[in-house]
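Notes follow once the structure below has been shown.
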Amino acid sequence: MRKLYLIGIGPGGPQYLTIEAAETIKRVRLFFIFEKASEKNRDLAEMRKQIIERVKLDKDYRIVEVKIPERQKGGRDMDDYKKRVISWRVEKAKILAQVINKEMTDNESACLLIWGEPSLYDGHMEILQYIIENRLADLEFEVIPGISSLQLLTARHRIPLNLAGDTITITTGRRLKEKQPEDIKNTAVLLDNYLTYRKFTETDLYIYWGAYLGTEDEVLISGKLRDVVDEIVRIRSEMRKKKGWIMETYILRLMAEQVKMRNA
């Protein structure tokens, strides 16, 4: 039976590979790289190739680029959004299954390099389950965990993700829009295309923001939200215009909830 490894590669640099991930890459000779139709995402594919090249010192491997369409855009209705995501993932599953059947022999293994941590915020496990359940390919898969953007964000800002005796909320910009200021105490936000933090500038919240984490373009900003929000918006706009894409992560935190050892 064919076997596919979903490998979390962290934020993009080979230094963020786990030993398990690196050892798996070393012994596998076939790699699939998803590449969206838009040229703006070309450098994401190139970064994956650089990781493979750096780890696979024997150069005995091949890379198959899997062309996938962009997700269809639509309104902000949540039910409509979920339908579009499901439709897109089904389409990706069918494309990947065709590539697997064409490129992999019966007992061959392959790797699919996943940005960040595949079990935290990613749809590839659902895609592979769809392939298996619908018998689109004879396949099994294994997940190799990676470093998440949240781990790198908290390390860069030298803060813990947790607050003593409290809860952690991990959400998206789309869902954050539904929250009220009083709901936010310690909230981590992934992929906010709406700049939703602007909704909370009249609060006492602090923000710990990072973009392109782990790459040479890494940007970090922190401080009271009302004081730094304009800088974040400006830099975000400049970088997105320059690169054509942006990956950002941030934490909104009410500092009154932070236990201060210096006051003990």
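Values in this text are rule-based calculations from the coordinates and carry no lab data. No experiment lies behind these values; they were computed from the predicted model shown. Here Cβ is always computed from backbone atoms with ideal geometry, including for glycine, and neighbour counts include all displayed protein chains.
Starting from the Cα-Cα distance between LYS73 and LYS242, subtract it from 0.36 nm times their residue separation and give me the gain in nm to one decimal.
Result: 58.6 nm gained on full extension.
What size of dipole, in debye to the nearest 20, comes out for region 102-184 about its Cα centre when the only charges are +1 on Lys and Arg C-beta atoms and -1 on Asp and Glu C-beta atoms?
In debye, rounded to 20, region 102-184 gives about 600.
Ranked highest first by the average count of other Cβ atoms within 10 Å around their residues, in what order do 158-165, 203-210, 223-230, 188-195 fall?
203-210, 188-195, 223-230, 158-165
Around ASN107, with a cut-off of 13 angstrom between Cβ atoms, what is the net charge of the other residues, counting Lys and Arg +1 and Asp and Glu -1?
-1
Computed from these coordinates, which is volume of the Cα convex hull per residue in Å³: (i) 131; (ii) 149; (iii) 158?
Checked against the structure: label (ii).
By DSSP, what percent of the beta bridges with both residues in the chain are antiparallel, rounded to the nearest 5?
In the chain, approximately 45 percent of DSSP beta bridges are antiparallel ones.
Neighbouring Cβ atoms within 10 Å as the yardstick, rank HIS124, HIS157 fewest first.
Taking fewest neighbouring Cβ atoms as first place, the list is HIS157, HIS124.
Mind checking the log10 I(q)/I(0) for region 20-116 at q = 0.11, 0.21, 0.24 Å⁻¹? Debye, one equal scatterer per Cα, no solvent, two decimals.
Computed log10 I(q)/I(0) values: -0.40, -1.12, -1.29.
Could you give me the radius of gyration and the Dmax of region 149-258, taking only the C-alpha atoms into account and expressing both in angstrom?
For region 149-258, the Cα radius of gyration and maximum Cα-Cα distance read 13.1, 42 Å.
Note the angle between two axes, namely the Cα long axis of helix 124-133 and the longest principal axis of the Cα atoms of the chain, as a number of degrees from 0 to 90, rounded to the nearest 10.
40 degrees
If one computes the Cα centroid of region 171-235 and of region 11-88, what distance in Å separates the two points?
Each part reduced to its Cα centre gives a spacing of 26 Å.
Pairs LYS3/LYS26; LYS179/LYS199; LYS36/LYS94; LYS82/LYS243; LYS67/LYS94; LYS36/LYS92: which are spaced more than 18 Å apart, C-alpha to C-alpha?
LYS82/LYS243
Would you order GLU46, GLU218 from fewest to most other beta-carbon atoms within 10 Å of each residue's own beta-carbon?
Ranking GLU46, GLU218 by Cβ neighbours within 10 Å, fewest first, gives GLU46, GLU218.
Considering the options THR154, ALA164, GLY244, tell which one lies farthest towards the positive end of the dipole of region 149-258, charges being +1 on Lys and Arg and -1 on Asp and Glu at the Cβ, about the Cα centre.
Result: GLY244, furthest along the dipole toward the positive end.
For helix 78-103, report the angle its Cα long axis makes with the longest principal axis of the Cα atoms of the chain; keep it between 0 and 90° and round to the nearest 10°.
30 degrees
Under unit Cβ charges (Lys, Arg +1; Asp, Glu -1), what dipole magnitude, rounded to 20 debye, does the chain have relative to its Cα centre?
The calculated dipole for the chain is roughly 520 debye.
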